[in-house]
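The structure appears right after this line, and notes come after that.
The values are calculated or read from the model by the stated rules, or taken from the named source; none is laboratory data. As the structure is a computational prediction, the values presented were derived from the model and not from experiment. Positions of Cβ are generated from backbone atoms using ideal geometry, with glycine treated the same way; all protein chains shown enter the neighbour counts. Note: areas computed on protein heavy atoms with side chains; ligands, DNA, RNA excluded. Shrake-Rupley method; radii C 1.70, N 1.55, O 1.52, S 1.80 Å.
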Amino acid sequence: MDNPVEIRRATTVAELEAAQHLYDGPARTQWAARFLAADGHLMVIAYVAGVPAGFVSGIEMLHPDKGAEMCLYELAVDGPYRRRGIGRALTQALASVARERGCYDMWVGVDLDNEAAQATYRSAGASDDGRFTTLTWGFDASE
């Protein structure tokens, strides 16, 4: 890679908005501000030549009998930067933050047919414990 990758935690709305081309849809200023204000909501962004090339977001969850764990919520790397280790580096950066925050583990839900994501997470040290399924409820966010 010609340009080095810089990985750093996002701390401003401007940083979150600058990375919106990596999201599923456009960032909304009020949601970005709320994300940053929520304790335990984290985003780490990878920059190449000063431009966001990828991100990982995580949510720290706390329970009275278990302590804290980190959910890797979403990972994305822009097409031209894939297969260069950026996804693995972002995942490892989030794991490092989770350790610093005292989390006992980090987990992620992955679609069974998403081989690229599974390979990325395994390359960053994750393993399939074979005990997890995801059930979801959908809510209209505009209500």
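Taking all protein chains in place and a 1.4 Å probe, what share, in percent, of the accessible surface of the chain do carbon and sulfur account for? Walk me through the intermediate numbers first.
Values: 4740 of 9530 Å².
Of the solvent-accessible surface of the chain, carbon and sulfur hold 50 percent.
What are the trypsin sites (Lys or Arg not before Pro) within segment 29-100 that DSSP puts in a loop, where the Cβ has at most 14 other Cβ atoms within 10 Å?
Qualifying residues, ordered by number: 66, 83.
Under a GNM of the chain (C-alpha, springs under 10 Å), which listed residue has the highest mean-square fluctuation: 89, 124, 14?
Result for the chain, Cα springs under 10 Å: 14 fluctuates most.
At 7 Å along the Cα-to-beta-carbon direction for both residue 116 and residue 133, put a label point, then send me their distance in nm to one decimal.
With each label point 7 Å from Cα toward Cβ, the separation is 2.8 nm.
Residue 107's amide H: which non-local residues (gap 5+, or another chain) put their own amide H closer than 5 Å, with H modeled 1.01 Å from N in plane and none for Pro or chain starts?
70, 71, 72
Could you tally the net charge around residue 119, taking each other residue with its Cβ under 11 Å from the Cβ of residue 119, Lys/Arg +1 and Asp/Glu -1? All intermediate terms of the calculation are to be shown ahead of the outcome.
Details: positive: 83, 88, 122; negative: 115.
It works out to a net charge of +2.
Using the Karplus equation 6.51 cos²θ - 1.76 cosθ + 1.60 (θ = phi - 60°), what ³J(HN,Hα) coupling, rounded to whole Hz, does each residue of segment 34-41 give in order, writing x for Gly and Pro?
5, 4, 5, 6, 7, 4, x, 8
Using the Karplus curve 6.51 cos²θ - 1.76 cosθ + 1.60 with θ = phi - 60°, work out ³J(HN,Hα) for each residue of segment 13-24 in order, rounded to whole Hz, and write x for Gly and Pro.
4, 4, 5, 5, 5, 5, 9, 5, 5, 8, 7, 5
Each label point is 7 Å from the Cα along the Cα-to-Cβ direction; what then is the distance between the points at residue 49 and residue 96, in nm?
With each label placed 7 Å out from Cα toward Cβ, I get 2.5 nm.
Anyone know which of 55, 35, 132 comes out most mobile in the 10 Å Cα GNM of the chain?
132
Of the listed values [x] 15.4, 48; [y] 18.8, 67; [z] 19.4, 62, identify the label whose number matches Rg and Dmax of the Cα atoms in Å calculated from this model.
Read-out taken from this structure: [x].
Report, in debye and to the nearest 20, how large the dipole of the chain comes out about its Cα centre when Lys and Arg carry +1 and Asp and Glu carry -1 on their Cβ. Don't skip to the end; give the middle numbers.
Working: 13 positive and 20 negative charges, 89 e Å.
Using only the charged Cβ atoms, the result is roughly 420 debye.
Would you calculate a helix-derived [θ] at 222 nm for the chain, using -39,500 (n - 2.57) for each DSSP H run of n ≥ 4 and dividing by the full residue count, to the nearest 500? Mind showing how you got there, number by number?
Values: 4 runs with 39 residues, N = 143.
Mean residue ellipticity, 222 nm, calculated: -8000 deg cm²/dmol.
What number comes out for accessible area per residue over segment 1-46 if the probe is 1.4 Å? Units Å², please.
On the way: 2920 Å² over 46 residues.
Averaged over the residues of segment 1-46, the accessible area is 63 Å².
Tell me, what ³J(HN,Hα) does each residue in segment 86-94 have, in order and in whole Hz, if you take phi through Karplus 6.51 cos²θ - 1.76 cosθ + 1.60 with θ = phi - 60° and put x for Gly and Pro?
5, x, 5, 5, 5, 4, 5, 5, 5
Could you compute how fast segment 66-135 diffuses translationally, taking Rh as the Kirkwood radius over C-alpha pairs and applying Stokes-Einstein at 20 °C with viscosity 1.002 mPa s? Give it in µm² per second.
Working: Rh = 13.0 Å.
Using the Kirkwood radius from Cα pairs, D works out to 165 µm²/s.
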